[in-house]
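Okay, structure first, notes after.
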Amino acid sequence: MSLRQSQFEVDRLEEEAKKLGVEVNRALYRELSFDLKEGPRVFIRGEEITEDNTLGMWFRVAGTVSGKYTEGRNLAIRLLQDRIFCANHEGYLGWARMGKIAQHAVFLENQIPVVPTKILYQKSQVESLKVLKSESNFGEWNFPIVVKHERGYQGKSVRKFENWYEVEKFLNKIDEVNLGMFLWQKYLPTKWDIRVIVLDGRAIGAMKRTAVGKEFRSNYSLGGLVEPWNLSEADKILAEKVARVCGLDYCGVDIMKGPNPSALRASPLDRGDINNSYSYILEVNRQCQFKGFEEATGINVAKAVVEMFLGRSQN
């Protein structure tokens, strides 16, 4: 587990597990080792992991430039999953790194609604969207537009461009080699979104996150206000479908409300009154933090996670 990014979650898991008589053994990826032979063995700090001493494994961040820990995580899952419950095992083995671009492919393949998005690999492709004699459009979209890095987290990579000057300034700053790592998206004027936590196939609750002041990003880590949200049955089904098609036992699903797709395609003069009641999936986070969620909803996520492991161990 990554203490730097998930200190609160790790502490809460340990706290609730202790109440239920379960010991949490925190380990770093570099403390794993393997003996690959007939009857392969997996060790943490030299102690073999077996069904007798391990209830389950919950993986957090495994981001390294080399990818060695991602490979180590997936190797441990492959060797242990028949005997020990490894949370999100299907999703990890399907996607070593589940970036936003890969997510969009899965969503579209499964008829899950997403915000209109462009993936571009050359600066000339971006520049070709500039409408002649007009600085107000980005292709068929009106400004502003949103650009985000496909491996960004906590909203830190998300930018909003108001005009072509800002787009060109951005293009001048980045290496074209990295351009294909960004998603270019139509801006939805909604300054809030919904975070749903799905656990063991069931949406356990939702919170509303609202951007504050001039900030357009609603992330809790960026100062967004959080409050409980009464999840509709349709959004509950949608969030659970996202978790299911991505093979995730635990995840946070982000939903944003906006006009329906036909209204998005219409020109501003033809839209009339826009009813922002259509649900778009922004992304799924398979290691989602839950400090703001627990504060907003009063739902004990850490306890629910431990109970999931207990339930799986009895099956």
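Distance cut-off 31 Å, Cα to Cα: go down the list LYS160/LYS303; LYS241/LYS291; LYS19/LYS208; LYS148/LYS236; LYS156/LYS303; LYS130/LYS208 and report the pairs above it. Beyond 31 Å between Cα atoms: LYS160/LYS303; LYS130/LYS208. Taken along the Cα-to-beta-carbon direction at a fixed 7 Å, the label points for ARG312 and GLU233 span 3.0 nm.
Rg/Rh for region 3-89 (Cα atoms only, Rh after Kirkwood) is 0.96. Ranking LEU55, LEU75, CYS86 by Cα position along the charge dipole of region 3-89, where only Lys, Arg, Asp and Glu carry charges on their C-beta atoms, puts LEU75 farthest toward the positive end.
What the Cα convex hull of the chain gives, in volume per residue, is 152 Å³. In degrees, nearest 10, range 0 to 90: what is the angle between the Cα axis of helix 301-313 and the longest Cα principal axis of the chain? The angle comes out at about 50 degrees. Ranked by the mean number of other Cβ atoms within 10 Å of their residues, highest first, the peptides 32-40, 163-171 fall in the order 163-171, 32-40.
Relative to the longest principal axis of the Cα atoms of the chain, helix 164-173 runs at roughly 50 degrees. For the pair ASN25 and THR210, label points projected 7 Å from Cα toward Cβ lie 4.6 nm apart. Rounding to the nearest 10 and keeping the result within 0 to 90°, find how far the Cα-based axis of helix 100-109 lies from the longest principal axis of the chain. That works out to roughly 80 degrees.
So for each of 228-237, 6-15 I average, over its residues, the number of other beta carbons within 10 Å; can you give me the resulting order with the highest mean first?
Averaged packing, sorted descending, gives the order 6-15, 228-237.
The simple spin-label model puts a point 7 Å past each Cα toward its Cβ; for LYS123 and LYS257 those points are separated by 4.1 nm. Within a Cβ distance under 11 Å of TYR29, other residues only, what is the Lys/Arg minus Asp/Glu net charge? Cβ neighbours under 11 Å give a net charge of +2.
A simple charge model with +1 on the Cβ of Lys and Arg, -1 on the Cβ of Asp and Glu and nothing else charged puts the dipole of the chain at about 740 debye relative to its Cα centre.
Taking 0.36 nm per residue of sequence separation and removing the Cα-Cα distance, the GLU240/ALA105 pair yields an extension gain of 46.9 nm.
Laboratory data are not the source of any read-out in this text; all were calculated from the coordinates shown. Computed from a predicted model, the values in this text were never measured in an experiment. In this analysis, Cβ positions are derived from the backbone assuming ideal geometry, glycine residues included, and neighbour counts consider all displayed protein chains.
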